[in-house]
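I have placed the structure first, in the form of structure tokens, so that the comments after it can refer back to it.
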Amino acid sequence: MTDTTPATESSEKPAGLENLLSEDRRFPPSPEFAAQANAHGDLYAWAAADRPSFWADQARELLTWSTPFTQTLDWSKAPFATWFADGKLNAAYNAVDRHVEEGRGDRVALHFEGEGGDSRSLTYADLQREVSKAANAFTALGVGTGDRVAIYMPLVPEAVVTMLACARIGAPHSVVFGGFSAEALASRIVDAEAKLVVTADGGYRRGAPSALKPAVDEALEKGTPSVEHVLVVRRTEQDVAWTEGRDVWWHDVVDSASDQHTPVELDAEHPLFILYTSGTTGKPKGIFHTTGGYLTQAAYTHRNVFDLKAESDVYWCTADIGWITGHTYVVYGPLVNGATQVIYEGTPDTPHRGRWWEIVQKYQVSILYTAPTAIRTCMKWGEEIPAQFDLSSLRVLGSVGEPINPEAWMWYRRVIGGDRTPVVDTWWQTETGAIMISPLPGVTAAKPGSAQVPLPGIAADVVDDEAHPVPDGGGGYLVLTEPWPSMLRGIWGDPERYKDTYWSRFPGLYFAGDGAKKDDDGDIWLLGRVDDVMNVSGHRLSTTEIESALVSHPWVAEAAVVGATDETTGQAVVAFVILRGGAGGADKSGDEVQTELRNHVAKEIGPIAKPRQILVVQELPKTRSGKIMRRLLRDVAEHRQVGDATTLADSSVMDLIAQGLSKPA
Ligand code: ATP
Ligand code: MG
């Protein structure tokens, strides 16, 4: 991409993005927390001294290898990397069997909480039996090492068992969100040429059974010649259509299978899974990850970023397994580390808006990992709801998925963390496989809203259009400057698209697609997607800072900002806001809200960022993983036909917004 714009006002400004907001609040770790923390500050120097050998040490310490590796990183075919390539291991053995062999079989691996209140706890020994049975059943259904398995399930223990059973036999899994349409499922099955589809009759959502099997049937009618069998877990007992010979009940073939199974020894670079990105910006990409490097960084980050103490912590990551966070921080990271964790099938407000906090209280959850969208929703509902529950077991809070607005960070720490817990804002992507940029609790003095520093072993920078690192205080593009163990190994079946998407913008650097800035201390702040950057009178403004300024007003719970074509300024800022319940804004007229919030943004950031228009809405369009889809809002703001919305969590949201906009203010 070359910049062909003539030299105007904009070229005299610092390249990249403008730095608008500053933040002075600091939260150093307490001495007690620091004293007991897994991570110490000396990790940074150790890793910087020799990065590949640092990772090799982690790989040896955190994983059990059936054949030890002698090679670490091979970057000679960049941008295609291999890590630990001559080593062999099995992911399911590492996540399950070795804990049983080492005397931890009685430890609970999963506390499952169904939406309807049914619950089940599985120990590591239970998990070993279940995974072995499933592995035997999959083999009997003709699935061999290297064959792909599509998973389209609710968040029930069988979903975790299925992923591990695939890993056990070396069949890469491709998990597709249970909320995606038949069409989305079909295209992912076809792209990965899956041989087996594992699903359920349905799952529970918002208090009612929600069917899954019909979408599988519909997907397979579209023509998916690779699929031989559909394996169905009975969860809701809904009636299901049945194709004899193709469809098989889980309880018929898995429950009766032998619970003895030897994990297949696999190369470190054997593909572990394919996962299609969330589709926030456009057509999802089939990202694939391999075994040894991925597991190393999954285990390392889970242990250090969350300060996991496997013997005593109860960990809960609220992500669905259909998202990368569910892969790395529900399945592989915690289980490889021998953690006890909670998994919850349902929605946060079923049957009431305190459901999550009730679960924290019930299981004495000590580490909670969730997304800014969930935090902002709880802000919208009001802090009296979490106040009704005992949250004193919590000791570390994490955030992932989007930039967290400083006010949402403050709310999370104060209301959920009792003004006591470290909060870690973790930046990473499907492509990176594991956390890349994050404070370390016990080490880093946290700043609300900033992911701050690359983890020990990770190299990141912020560069301008010419790939030069920006100085402290400057803004630009986030890049990763050195390969890392859990990096994607490619886009399934499309090596050219891999090179084009990530490695062509800045030769030799991984282009993440996110805007970022460095503050005066050199800490990194994520500023939203490069695709969403606005150009207002020659100023390049990020969405995140204007949204954060809006959320810092007491009336606002959530905000989304887009740039809409404007005759005078090129683009103009248009904001969509959701008001906080009971905070005062809801009683005001649309005009009063407009004036108040426009002036607030001007005061916080400056007149350049003042929205041309502010629209109050009830909901924002989000992906299933909770990310705001700004490109759809841009369509609305520019009065266009709304684009591809197939990865939206709730497709009626766009209609609601359109209706709201057609009403006079
Ligand atoms: P697609 O690539 O298909 O558009 P996606 O980027 O939403 O979808 P994911 O891999 O799930 O798919 O999301 C990664 C992106 O999420 C990052 O590139 C970044 O934009 C955002 N993100 C994740 N964590 C953070 C964070 N802590 N701070 C800021 N942004 C974050
Ligand atoms: Mg992405």
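The values are calculated or read from the model by the stated rules, or taken from the named source; none is laboratory data. Computed from a predicted model, the values in this text were never measured in an experiment. Every residue, glycine as well, gets a Cβ built from its backbone with ideal geometry; the counts of neighbours run over all protein chains shown.
Before moving on, here are some points about what is shown:
- Filter result for Leu527 (in the same structural domain as Asp644 (by the TED database) and at pLDDT 90 or above): no
- So Glu567, is it without any contact (Cβ under 8 Å) to a residue 24 or more places away in the chain and over 27 Å from Ala460 (Cβ atoms): yes
- Reported count of residues in the stretch 381-423, each being farther than 24 Å from Gln341 by Cα and away from ligand 1 (no atom under 13 Å from the Cβ), is 7.
- Which listed residue is within 19 Å of Pro68 (Cα to Cα), β-branched (Val, Ile, Thr) and in the same structural domain as Ala167 (by the TED database), from Thr280, Thr262, Thr318, Thr301: Thr262
- Yes/no for Thr568 being part of a helix (DSSP H, G or I) and β-branched (Val, Ile, Thr): no
- Residue check, Ala609 closer than 22 Å to Ile375 by Cβ, of a type outside the set (Asp, Glu), buried (at least 22 other Cβ atoms within 10 Å of the Cβ) and touching a helix residue (DSSP H, G or I) at 6+ places or on another chain (Cβ under 9 Å): no
- Residue within the stretch 302-312 that is basic (Lys, Arg), more than 13 Å from ligand 1 (Cβ to nearest atom), within 26 Å of Pro372 (Cα to Cα) and surrounded by fewer than 22 Cβ atoms within 10 Å (Cβ to Cβ) present: yes
Listed here are the residues, each with its yes/no results for (1) out of contact with any strand residue (DSSP E or B) (no Cβ under 9 Å at 6 or more places or on another chain); (2) farther than 21 Å from Met487 by Cβ.
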position: Asp259; (1), (2): yes, yes
position: Tyr294; (1), (2): no, no
position: His302; (1), (2): no, no
position: Thr340; (1), (2): no, yes
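- Any chance Leu615 is surrounded by 22 or more Cβ atoms within 10 Å (Cβ to Cβ) and in contact with a strand residue (DSSP E or B) (Cβ under 6 Å, 6 or more places away or on another chain): no
- Only a single item in (1) in a loop (DSSP other than H, G, I, E, B); (2) surrounded by fewer than 21 Cβ atoms within 10 Å (Cβ to Cβ); (3) in contact with a Lys or Arg (Cβ under 7 Å, 6 or more places away or on another chain) is not met by Lys380, and it is number (1).
- In the condition set (1) of a type in the set (D, E, K, R); (2) free of Cβ contacts under 8 Å to residues at least 24 places away in the same chain; (3) in contact with a helix residue (DSSP H, G or I) (Cβ under 6 Å, 6 or more places away or on another chain), Glu384 is compliant with all but (3).
- Residue count for the stretch 176-205, restricted to those that are over 18 Å from Ala159 (Cα atoms) and in contact (Cβ under 8 Å) with a residue 60 or more places away in the chain: 5
- When we screen Lys603, Lys622 for residues that are without any contact (Cβ under 8 Å) to a residue 24 or more places away in the chain and either exposed (fewer than 13 other Cβ atoms within 10 Å of the Cβ) or within 16 Å of ligand 1 (Cβ to nearest atom) (or both), the only hit is Lys603.
- With respect to the conditions (1) over 28 Å from the mean Cα position of the chain (by Cα); (2) without any contact (Cβ under 8 Å) to a residue 60 or more places away in the chain, Arg60 falls short on a single one, namely (1).
- Across the stretch 415-436, the qualifying residues are those that are assigned to a strand (DSSP E or B) and either within 30 Å of Glu384 (Cβ to Cβ) or of a type in the set (Asp, Glu) (or both), and the one among them that is farthest from ligand 2 (Cβ to nearest atom) is Val423.
- Counted residues, the stretch 456-498 - those being in contact with a Ser or Thr (Cβ under 6 Å, 6 or more places away or on another chain) and of a type in the set (A, V, I, L, M, F, W, C): 1
- Residues located in the stretch 567-590, provided they are at pLDDT 90 or above and over 17 Å from Ser542 (Cα atoms): Ile578, Leu579
- Per-region count, the stretch 526-559, residues hydrophobic (A, V, I, L, M, F, W, C) and within 16 Å of ligand 2 (Cβ to nearest atom): 4
- Residues (within 16 Å of ligand 2 (Cβ to nearest atom) and in contact with a Lys or Arg (Cβ under 8 Å, 6 or more places away or on another chain)) located in the stretch 269-281: Ile274, Tyr276, Thr277, Ser278, Thr280, Thr281
- Residue list for the stretch 82-111, restricted to those being part of a helix (DSSP H, G or I) and under 24 Å from the mean Cα position of the chain (by Cα): Ala91, Ala92, Asn94, Ala95, Val96
One line per residue, one yes/no per condition, for (1) small (Gly, Ala, Ser); (2) buried (at least 22 other Cβ atoms within 10 Å of the Cβ); (3) over 10 Å from Asp523 (Cβ atoms):
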{"site": "Met436", "(1), (2), (3)": "no, yes, yes"}
{"site": "Leu440", "(1), (2), (3)": "no, yes, yes"}
{"site": "Ser450", "(1), (2), (3)": "yes, yes, no"}
{"site": "Pro456", "(1), (2), (3)": "no, yes, yes"}
{"site": "Ala459", "(1), (2), (3)": "yes, no, yes"}
{"site": "Val463", "(1), (2), (3)": "no, yes, yes"}
{"site": "Val470", "(1), (2), (3)": "no, no, yes"}
{"site": "Gly476", "(1), (2), (3)": "yes, yes, yes"}
